[in-house]
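Data first, discussion second: the structure below is written as C-alpha cells.
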Amino acid sequence: MIFRVLSRLSVKVPSFVYRIEMTMKPQVVFVLGGPGAGKGTQCAKIVENYSYTHLSAGDLLRAERNRGGSEYGQLIDSYIKEGKIVPVEITINLLKKAMEETMQIDEKKYRFLIDGFPRNEDNLQGWTKVMDGKADVKFVLFFDCSNEVCIDRCLERGKSSGRSDDNRESLEKRIQTYLQSTRPIVSLYEKQGKVRTVDASRDVDEVFADVKIILEREG
Ligand code: ADP
Ligand code: C5P
Ligand code: MG
C-alpha cells in the first residue's frame, strides 16, 4: 500500500523493496502424531488437494544422513536407530534451507506442512530461536492413535520401507520418545488453543475427510 502511494507521488522505490513486500511470510502447520500415525500419508493427500508444500523433518534427516560428505551422517544414523531426537541445530538448518529453496523457486509456495516437528523441547527452542518472527505457526495438526496401531502400521511399513527404525526394538524406543518428549509439546500447544486433533485410527479416507474440514475451516 505504502509503495503504491509513494509511486503515485513519484517517489522512487528500489525494486528490491518491492520484492520484499511481495514475498509472503511462510505460513506453517506443524504435523504431529506417533510413529506410523499416518502423518506422511495425510500430508501427501493435503498436497494433492491444497497449495501446501510438505516438509518431513524425518525425510530431511534421512536425506542428510545419505548425502555423501555430510559431517552429521553417522550421528543422524545412530539417533534414528535409537529413536532419539537429533539435536535441533541440525534439523532446523535443514528445514530453514528447504523452506527458503521452495520460496526461491516459487514465491507463491509459502504454505508449509512441517511434519514430525517440533518433537521435543529442544526442537521447539530451536524453532523459536531461528524462525520466530520469520514464519507464522497457524496451528498443529495432531494425528491421534493408539500406540498399538502405530506399532502395527510401522511393522507393516517395515516390510518394504527399508527403514532402519521400522522394527520392534527401535519402535519401542520411538514410542517412549513420543510419549515422554512429543506429547508434552502437543499439550503445550493445546493450552494455547492451537491443536486440531484428528482420530487417526480410522482408514485413510475417513481421516482425510476430517483433515479437509479442518483445513477449510482454518482457511
Ligand atoms: P507417519 O508419517 O506418521 O510415520 P505414514 O504416513 O508413513 O506414517 O504411515 C505409516 C504406515 O501406515 C504406512 O505404511 C501407511 O501406508 C500406513 N497408513 C497410513 N495411514 C493409514 C490408515 N489411516 N490406515 C491404515 N494404514 C495407514
Ligand atoms: O518422522 P519420522 O518417523 O520420519 O522420523 C524418524 C526419526 O527421525 C525419528 O524417530 C528421529 O530419530 C528422527 N527425527 C528427529 N527429529 C525430528 C524428526 C525426526 O530426530 N524433528
Ligand atoms: Mg513420516
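The values are calculated or read from the model by the stated rules, or taken from the named source; none is laboratory data. The structure displayed is predicted, hence computed values, not measured ones. In this analysis, Cβ positions are derived from the backbone assuming ideal geometry, glycine residues included, and neighbour counts consider all displayed protein chains. Ligands, DNA and RNA are excluded from the accessible area calculation, which covers all protein heavy atoms including side chains. Shrake-Rupley method; radii C 1.70, N 1.55, O 1.52, S 1.80 Å.
Please go through the range 30-86 and give me each residue that is open to solvent by 50 Å² or more (accessible area, probe 1.4 Å), of a type in the set (Lys, Arg) and within 12 Å of ligand 2 (Cβ to nearest atom), ordered by number. Selection gives Arg65, Lys81, Lys84.
When residues in the range 34-70 are screened for being charged (D, E, K, R), under 27 Å from Met24 (Cα atoms) and not in a helix (DSSP H, G or I), 0 of them pass.
Residues that are open to solvent by less than 50 Å² (accessible area, probe 1.4 Å), among the small types (Gly, Ala, Ser) and farther than 13 Å from Gly33 by Cα within the range 96-144 comprise Ala98, Gly126, Ala135, listed in sequence order. For the range 158-173, what are the residues that are touching a helix residue (DSSP H, G or I) at 6+ places or on another chain (Cβ under 8 Å) and either farther than 22 Å from Gln74 by Cα or near ligand 2 (Cβ under 10 Å from one of its atoms) (or both)? Scanning the range 158-173 gives Arg163, Ser164, Asp165, Asp166, Ser170, Leu171, Lys173. Whenever a residue of the range 30-50 is farther than 15 Å from Arg202 by Cα, its partners that are open to solvent by 50 Å² or more (accessible area, probe 1.4 Å), lying with C-beta atoms within less than 7 angstrom and at least six residues away or across chains, give the pairs Cys43/His54; Ala44/His54; Val47/His54. Residues in the range 104-136 that are of a type in the set (Lys, Arg) and more than 26 Å from Ile214 (Cβ to Cβ): 1 in all. Pairs are defined by a Cβ separation below 7 Å, a sequence spacing of at least 6 or placement on different chains, a first member in the range 193-219 that is in contact (Cβ under 8 Å) with a residue 24 or more places away in the chain and among the charged types (D, E, K, R), and a second member that is open to solvent by 70 Å² or more (accessible area, probe 1.4 Å) and part of a strand (DSSP E or B); the pairs so defined are Glu218/Lys138. If I ask for residues that are assigned to a strand (DSSP E or B) and surrounded by 12 or more Cβ atoms within 10 Å (Cβ to Cβ), which ones from the range 145-199 would you list? Correct list: Val195, Arg196, Thr197, Val198. Against the numbered list (1) more than 19 Å from the chain's Cα centre (by Cα); (2) within 16 Å of ligand 3 (Cβ to nearest atom), Glu148 comes up short only at (2). Within the range 98-116, the residues that satisfy the criterion of being within 16 Å of ligand 3 (Cβ to nearest atom) and either under 10 Å from Thr182 (Cβ atoms) or in a helix (DSSP H, G or I) (or both) are Ala98, Gly116.
For Arg202, the conditions (1) more than 27 Å from Ala98 (Cα to Cα); (2) in a helix (DSSP H, G or I); (3) within 16 Å of ligand 1 (Cβ to nearest atom); (4) out of contact with any helix residue (DSSP H, G or I) (no Cβ under 8 Å at 6 or more places or on another chain) are fulfilled apart from (2).
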